[in-house]
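Laboratory data are not the source of any read-out in this text; all were calculated from the coordinates shown. Nothing here was measured: the structure is a model prediction, and the numbers come from that model. As a convention, Cβ positions derive from the backbone with ideal geometry for all residues, glycine included, and neighbour counts pool all protein chains shown.
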Amino acid sequence: MPDIFLAPKQNEKRKMRDYANESHVNIFSSFCQNPIGVSFQTQKPHEVIILFLRSHFATNSSWIIFTVILLTLPIIINLLLPLFRIDFFSSPTVVRFTTIYVLFYYLMVSAYAFISFLHWFYNVLIVSSERILDIDYSDIVVHNMAEAKLSHIEDVRYTQSGFIPSFVNYGNLFVQTAGTEENFEVRSIPKPREATDIITELTEKK
Amino acid sequence: MDFNFFNSIFSANLLIKIITLIAILFYAIFTFVVFTQVKVMTQILHLPHINGILKIISLMNIILAISLFVFAIVIL
């Protein structure tokens, strides 16, 4: 008998989810409509994630290029040393110190790349059937979360300016909420027009 | 022989060694902070397969930092 009360919720969940547009979230996903396998800490049992957004992967190009430069720098310096007649490896003490410093340097470069990736990966905007949730990972020791009910959303708009954003199709999304609730701003998300349409459609339903 | 010269070289070496070890130790602590933060973020946002990979990478970072610290103590 208790199943009678469970069934409507499942049907409701089924109605909210558009199975034709389902997509799996992989490590590089930045725009997922009806994502599979994603959930968040405060998600209610009947709540469905409609949209999962983060900045376009192209926005990572600056730190990726910088990391590649940093990785190749010791190799270039090693190649240039003989030109200046500097023999770093003449003394065993210097060799030992150089080994440690080079290893330490590569560890720090890898940590820089990892943290930059985390910064991109954990800056997420989630639109569920009930609310909009902004997860910010601004610093290695700072993270914050903001949320607003869909019924409190007053205005959704986007801007797309510049050659690269127009070419790769990404832009900034602004969500204005009513009253004292925080406004949301997500930068460089892919398909901003589609995202705006989806959020507007959801808020109109509420 | 100028023993003061050898003493100064020895103390300079020791000073650089200590500074290097402190820097690596700070880095090891920092990697632990990164691991803790990744753990917190994986609790906030559940992405089953990806979260596991990130946890492993951050754990490897700690292991490598500690290994470097031990290696530095041994060879410097």
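Computed values, structure above
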item	result
Averaged over A:118-125, number of beta-carbon atoms from partner chains that fall within 10 Å	3
Hull-based mean projected area of chain A, where the convex hull spans the alpha carbons, in square nanometres	17.8 nm²
Virtual spin-label span in nm between A:Val95 and A:Thr180, 7 Å along Cα→Cβ	6.9 nm
Per-residue ³J(HN,Hα) for segment B:32-47, Karplus 6.51 cos²θ - 1.76 cosθ + 1.60, θ = phi - 60°, Hz, x for Gly and Pro	5, 4, 4, 4, 4, 5, 4, 4, 5, 5, 5, 6, 6, 10, 8, 10
Computed lengthening from A:Lys44 to A:Leu79, 0.36 nm per intervening residue step minus Cα-Cα distance	6.7 nm
Anisotropy class of segment A:61-118 from Cα gyration tensor, a/c 1.5 cut	oblate
Pairs of Lys in chain A closer than 23 Å at Cα, counting only those 8 or more apart or on different chains	19
Expected 222 nm ellipticity per residue - DSSP helices of 4 or more, -39500 (n - 2.57), all of chain A, to 500	-13500 deg cm²/dmol
Anchor B:Lys39: aspartates and glutamates whose Cα lies under 19 Å away (excluding residues fewer than 8 positions away in-chain)	A:Asp134, A:Asp136, A:Asp139
Cα pair distances of segment B:3-75 binned at 5 Å [whole percent]	3, 16, 17, 15, 12, 10, 9, 6, 5, 3, 2, 1, 1
Dimensionless Rg ratio for segment A:91-132, taking C-alpha atoms and the 2.2 N^0.38 Å reference	2.19
Spin-label pair A:Lys205/A:Ser61, simplified geometry with 7 Å Cα→Cβ offset, distance in nm	3.6 nm
Where labels lie 7 Å past Cα in the beta-carbon direction, separation of B:Ile63 and A:Val142 in nm	3.3 nm
Sites A:Tyr112 and B:Ser11, calculated FRET efficiency, Cβ-Cβ separation with R0 51 Å, nearest 0.05	0.95
GNM flexibility winner over chain A from A:Thr59, A:Thr196, A:Thr42 (Cα, springs under 10 Å)	A:Thr42
Tensor-based shape of segment A:101-193 (alpha-carbon gyration tensor, a/c under 1.5 rounded, otherwise prolate or oblate)	oblate
